[in-house]
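As structure tokens, the structure follows; a few thoughts come after it.
The values are calculated or read from the model by the stated rules, or taken from the named source; none is laboratory data. Here the structure is a predicted model, which means the values were calculated and not measured. Using ideal geometry, Cβ is built from the backbone for each residue, glycine included, and neighbour counts are taken over all protein chains shown. SASA here: full protein model, heavy atoms, side chains in, ligands and nucleic acids out. Shrake-Rupley method; radii C 1.70, N 1.55, O 1.52, S 1.80 Å.
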Amino acid sequence: MMSCLKYLSNKVVLLILISASISLQSHKPPHAIHRSMVLMKSDLKTNTISIIANIYLDDLEMAIERLNNKQIELGDPKLNEYMQNYFSQKFSIKIKNQIIPISLQEFTPVENIISIKLVATKTSSLKNATISNQILTEIFDDQKNTVRIEENENTVELNYDKSKPIQKVSFNNAKK
């Protein structure tokens, strides 16, 4: 009887070790880089701005959970609403002192990155627009955000962080 219990307890310990090993292997360690990349393409013919934001999925999840005081998952039926709310608060475009409404179109998670497509309707060129990008700066002090803006033949990149959340677009020194 004693040897049977010893055999079973050894099996239980072995199962626990195997389960822990599998769990540790499947859990990805947190990444050391805190960066988002946003591409904005202005279409002067349709007066729209196509916006694609690429963000680390776990970071965005953490930010949305903190904002809503609840744990969320990709399948959450209110996720679109939560993401729209987050981007409305953390990313904005102002043209001629008017904030341009931005609408969430879709999002696609790919491994540990989420690609988010947004669209805005504008009334004029992005030249001299003001862009606010505070994505994830409430979570990470070292968060860096890059916005690449393309309009006609002009391209400019703006770099944001916690100390520099708002910048004015200038195509004067832009790449052509």
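Tabulated data
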| item | result |
| --- | --- |
| Value of relative contact order over region 68-176, rounded to a whole percent, pairs C-alpha under 8 Å and six or more apart | 20 percent |
| Distance-filtered residues of region 138-156 - backbone nitrogen under 19 Å, label point 7 angstrom along residue 67 Cα→Cβ | 138-147 |
| Carbon and sulfur %, accessible surface of region 53-133 computed with the full protein complex present, 1.4 Å | 45 percent |
| Overall form of region 26-89 per C-alpha gyration tensor (a/c, 1.5; a/b vs b/c) | oblate |
| Nearby aspartates and glutamates by direct alpha-carbon distance to residue 144 (threshold 15 angstrom, same-chain neighbours under 8 apart not counted) | 59, 157, 161 |
| Reachable aspartates and glutamates, given that their alpha-carbon falls under 17 Å from the alpha-carbon of residue 78 and they are not under 8 places away in the same chain | 61, 65, 106 |
| Label zone at residue 138 (point 7 Å along Cα-to-Cβ), backbone N below 16 Å, region 64-85 | 64-72, 81-85 |
| Full-extension gain in nm, residue 113 to residue 164, via 0.36 nm per residue minus C-alpha separation | 16.0 nm |
| Summed side-chain charge close to residue 151 - residues other than residue 151 whose Cβ falls under 9 Å, Lys, Arg +1, Asp, Glu -1 | -1 |
| Accessible solvent surface per residue of region 72-176, calculated while the other protein chains remain in place, 1.4 angstrom probe, Å² | 56 Å² |
| Out-of-range pairs (alpha-carbon distance over 18 Å; input 41/162; 94/164; 94/168) | 41/162 |
| Selection of GluC sites (Glu not before Pro), region 121-176, meeting DSSP coil and at most 10 other Cβ within 10 Å | 153 |
| Two-site label geometry, residue 128 and residue 45: point separation in nm, points 7 Å out along Cα→Cβ | 2.7 nm |
| Extension gain, residue 80 back to residue 33 (0.36 nm per residue minus Cα-Cα distance, nm) | 14.4 nm |
